[in-house]
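The structure under discussion appears below in the form of structure tokens.
The values are calculated or read from the model by the stated rules, or taken from the named source; none is laboratory data. For clarity, every value in this text was computed on a predicted model and none was experimentally measured. Cβ sites come from the backbone with ideal geometry, for glycine too, and all protein chains shown count toward neighbours.
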Amino acid sequence: MKKLFNVLLMLLVLVFSMTACSTTEEAEQKADEKKSQSIKMKEDQSANKEQADEKPGTIGPFWKITHNDNVVYMLGSIHVATEDFYPLHEKIETAFDQSTYLAVEADIFNMNQLQMQKELEEKAKYADGKTLQADLPADLYSQLKSELQEYGINISMLNEYETWYISMVLEGLQAQKLGYDSELGIDYHFLKKAKDDKEIIELEGVTFQLDLFDQLSPEIQKKLIEVYFAEKETAKENIEKLVTAWKSGNAEQLSQVLLESEDDSEEYKQFNEVFMDQRNKDMAVKIEEFLNSEEKGTYFVIVGAAHFVGENGIVNILQNKGFTVEEQF
């Protein structure tokens, strides 16, 4: 299976905004401390940005389409990032400033946290009295138990949760360990800027993303855990390669990194159909609606970068529909 850690970094806002720090009171306290530190860090970044205005800034995968007097900018996101991603290139920030609408996978600022937590609990827990220990092979369960202990989490606290949720907890914890923060993610950056002066359009929503995971077959869910352990030792190297490709702003280079190490397993094919191909088609339809709108406007679209690239990516879909997609870097 392609390197899922890399792909998930670019695919789902949900993964890193609602999982890893929701398991224990101690973890929640640490999350609050981390949030306070992050807020201060971003305030410092804001102050430093003024001094860095003369610099072009970090580039990323960025496209523009003009049609029927409508303009759509498309920026591929990494949903977790580090301080050195900022400031972003002035061309990206200027395009955002000129846009009337911000379109994202999910508006994580405009949701009832308690309601979402309740929904997450309902979907993530086994509904039939099954347990994680009964769902996984003994050797994989033992490996998972040891891994969670390294993060100070007792596996018994998660025994009611389905395998897909456990895989998300692992990915979130691993991202934090490697120094990546969802509050420094590209979409988070622009959502925070847009909340007071732009109309925000949800392309999917958190409930939709939760349902994606909840509907995965037991075989795919198990595969997610197996892939996590298979790629654990190379996670740092993999994400560094991904970040380098993202910062190149080169769609072809990014596509090569994302699509390497594919396999032909049935689990991979099913995962790809659910999380990539169908979502790409659906989001492309919505972007096409923006382009054909009679109410002329400028749209700034941010979704996981993996959705844009490759043969079945959004860029190729829109090009095949006859739109001229201009790569900006």
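Yes/no matrix, rows are residues, columns are (1) farther than 30 Å from Ile200 by Cβ; (2) under 23 Å from the mean Cα position of the chain (by Cα); (3) of a type outside the set (Phe, Trp, Tyr):
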{"position": "Ala95", "(1), (2), (3)": "no, yes, yes"}
{"position": "Gln117", "(1), (2), (3)": "no, yes, yes"}
{"position": "Glu122", "(1), (2), (3)": "no, yes, yes"}
{"position": "Ala127", "(1), (2), (3)": "yes, no, yes"}
{"position": "Lys177", "(1), (2), (3)": "yes, yes, yes"}
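Could you list all residues from region 188-219 that are in contact (Cβ under 8 Å) with a residue 12 or more places away in the chain and more than 21 Å from Gln278 (Cα to Cα)? Tyr188, His189, Phe190, Leu191, Lys192, Lys193, Ala194, Lys195, Lys198, Glu199, Ile200 - these are the residues of region 188-219 that are in contact (Cβ under 8 Å) with a residue 12 or more places away in the chain and more than 21 Å from Gln278 (Cα to Cα). Scan region 221-228 and give yes if some residue there is among the aliphatic types (A, V, I, L, M), more than 17 Å from the chain's Cα centre (by Cα) and under 30 Å from Asp139 (Cα atoms), otherwise no. Yes, region 221-228 contains a residue that is among the aliphatic types (A, V, I, L, M), more than 17 Å from the chain's Cα centre (by Cα) and under 30 Å from Asp139 (Cα atoms).
Quick check, is Ala103 hydrophobic (A, V, I, L, M, F, W, C), in a helix (DSSP H, G or I) and under 30 Å from Tyr73 (Cα atoms)? No; evaluated as a whole, the condition is false for this residue. Here Asp196 clears all of (1) part of a helix (DSSP H, G or I); (2) among the acidic types (Asp, Glu); (3) exposed (fewer than 15 other Cβ atoms within 10 Å of the Cβ) except the condition numbered (1). Listed by first and then second residue, the pairs with beta-carbon distance under 8 Å, at least 6 apart or on different chains, first residue in region 124-137 and in a helix (DSSP H, G or I), second surrounded by fewer than 14 Cβ atoms within 10 Å (Cβ to Cβ), are Asp135/Pro218.
In region 226-251, what residues are over 27 Å from Trp63 (Cα atoms) and crowded, with 16+ Cβ neighbours inside 10 Å?
Kept after step one, since they are over 27 Å from Trp63 (Cα atoms), are these residues of region 226-251: 226-237.
Hits for region 226-251 are Glu226, Val227, Tyr228, Glu231, Ala235.
Applying the condition of being closer than 25 Å to Val206 by Cβ and assigned to a strand (DSSP E or B) to region 66-87 and asking which residue is farthest from the chain's Cα centre (by Cα) yields Val72. Close Cβ contacts (under 7 Å, 6 or more residues apart or on different chains) running from residues in region 57-84 that are on the phi > 0 side of the Ramachandran plot to residues that are part of a helix (DSSP H, G or I) and at pLDDT 95 or above comprise Gly57/Glu90; Asn68/Leu291; Asn68/Asn292. In region 268-322, the qualifying residues are those that are closer than 20 Å to Ala95 by Cα and loosely packed, with under 14 Cβ neighbours inside 10 Å, and the one that is nearest to the chain's Cα centre (by Cα) is Glu289.
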